[in-house]
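The values are calculated or read from the model by the stated rules, or taken from the named source; none is laboratory data. Values in this document were obtained by computation on a predicted structure and should not be read as measured data. Here Cβ is always computed from backbone atoms with ideal geometry, including for glycine, and neighbour counts include all displayed protein chains.
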């Protein structure tokens with residue numbers, strides 16, 4: 001599954017693809033909300 005995702009996205013590092021798939025599998029309950037540091 002990771003290999004296919006990596007082949008489908010050759011411009012992304014394999015570690016990033018792996019971490020993204022792990023995060024997606026964990027679901028939103030373990031996620032940290034994004035809070036911008038400054039307003040532009």
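Tabulated data for the structure shown
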{"item": "Some residue of the range 8-19 being at pLDDT below 75, part of a loop (DSSP other than H, G, I, E, B) and loosely packed, with under 10 Cβ neighbours inside 10 Å", "result": "no"}
{"item": "Which numbered condition residue 33 misses (of (1) loosely packed, with under 10 Cβ neighbours inside 10 Å; (2) within 11 Å of the chain's Cα centre (by Cα); (3) part of a loop (DSSP other than H, G, I, E, B))", "result": "(2)"}
